[in-house]
Amino acid sequence: MQNFSCKVLTPQGQVAEINLRENDKMSCMKKLKRNGMTPISIEPSFNILQNKKSKKITATIHSRKKKKAFLLRTISDIELFNKVSIEEIKDFTEDLYALRKSNFSTKHSLLTIINKTENPAFRECLKNVLSSIEAGKYLYKAMKEHKDIFPLVYINLIKTGELTKSLDESLKHAITYLEDEQKIKKKVKNILLPNILSFFGIIIMLILAILIVIPNLQNILMSYGTNIKMPKILSVISSLINVFIRFWYIWLLIIIGFGIWFAKYINSENGKIKIDSFKYNNRLVGKLLYLLDFSRVIRSIFLNLQNKMRIQDALEISKNVTKNTYMFGLIEKSINNVYVGKSWLDVFSNEKLLNPIILELLKRSEKTKAVQDFSSALKYLDKDIEKEINKVLKKLPEISYIFVGLALLLFVVTVLIPCMQIYLSGLLFI
């Protein structure tokens, strides 16, 4: 069996690229024709090393342009100081929807909104959008020039509305999409963030206890005029800490070197795939992260299907709602499945992380083309996310208790026992 990259003409008249695994080109051609597709080209897939080389060449060619663009964006951020939040984009969309419903034109609505916008970064963005519209561009094309502010799913919703002359309806869908994004982010921040901060607070306390208390403990004992010595284990730990403090610059260079290496690794293709895969496969929060990303994807698909979009196009747009490369890869496989006549849900079903009820509702929606089943699936998905959050909340205190126990043990061994020795003149511990 060999991997082939096939360029085909779909029954809908679109050119698409599909990855197939077959014995030879003839088998690929037969399979494509069986599914109503016209082969344009069928080529064996390149190996990983060739792909890496080509990517390096491309990166070299465009590196200067990217660096220049990055510097311009950085200068812009410094000048404007403020980033645009989802809340601000939602308020803008609600204002635009309300003004259009009152029979104001898009130009007049934008001008009115600009005058009330406080964020200088967003105000400048809206001025550019208005200038583009006055030059004859569509609203979605003007927004596409500011992809760092407007989410791609949001832009595509506006595009569908403008091209089908149902912009007001698309604005309503856009508001729903932004509200759902807000709910997900607030839920995660409000529930998980305090627990994570307390967890790291305990770790910092342990580190400070080790670095400050232990090295100075023997001096404290000697200041009381006692002959009590620390246990041998603590003496060894104290010596190691003193060496660490004495040669701090060497350890700092090692930490910086490791940080640079790790930053390069997580920005490499292989590093991103492994880390993003670990995010979904770790036992603590893996399933929760998977459900949150899948929820974003499904909501995006749902909104695009409501706008009469085909499932493969809805999936293509939905790739941009997640930054996880593993989820991105799953969506690309599901798009390939659609083109070869398989169910797009098979890829997600194989992951075995979703509730069977959710999968059944989505499968029925796929067969009957009923968008309502998507809505029901989203409700079950929200319940599963809530349950998973509660599971994580139960695990976090258990982990915190372990570190609290270690902190107490360290306090007893390093401080409490020596103090008792001093108080009782060492009689009980000699």
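Where a number appears in this text, it was derived from the coordinates with a stated rule and is not lab data. Fair warning: this is a prediction, and the values are worked out from it, not measured in the lab. Please note: Cβ atoms are built from the backbone with ideal geometry, for glycine as well, and neighbour counts cover all protein chains shown.
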Q. Binned at 5 Å from 0, what are the whole-percent values of the Cα-Cα distance distribution for the range 86-181, short to long?
A. 2, 14, 26, 31, 21, 5, 0
Q. Residue 86 to residue 351: extension gain in nm, 0.36 nm per residue of separation minus the Cα-Cα distance?
A. 92.3 nm
Q: For an R0 of 51 angstrom, estimate the FRET efficiency from the Cβ-Cβ distance between residue 148 and residue 205 and round to the nearest 0.05.
A: 0.85
Q: Return the ratio Rg/(2.2 N^0.38 Å) for the range 338-397, where Rg is computed over Cα atoms only.
A: 1.35
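May I ask which of 172/279; 333/363; 25/367; 90/137 have a Cα-Cα span longer than 26 Å here? Write out the running numbers ahead of the final one.
On the way: 172/279 33 Å; 333/363 17 Å; 25/367 31 Å; 90/137 22 Å.
Among 172/279; 333/363; 25/367; 90/137, the Cα-Cα distance tops 26 Å for 172/279; 25/367.
Determine the sum of side-chain charges near residue 366: Lys and Arg each +1, Asp and Glu each -1, restricted to other residues whose C-beta is under 13 angstrom from that of residue 366.
On the way: positive: 310, 342, 363, 364, 367, 369; negative: 346, 360, 373.
Counting the neighbours of residue 366, the net charge comes to +3.
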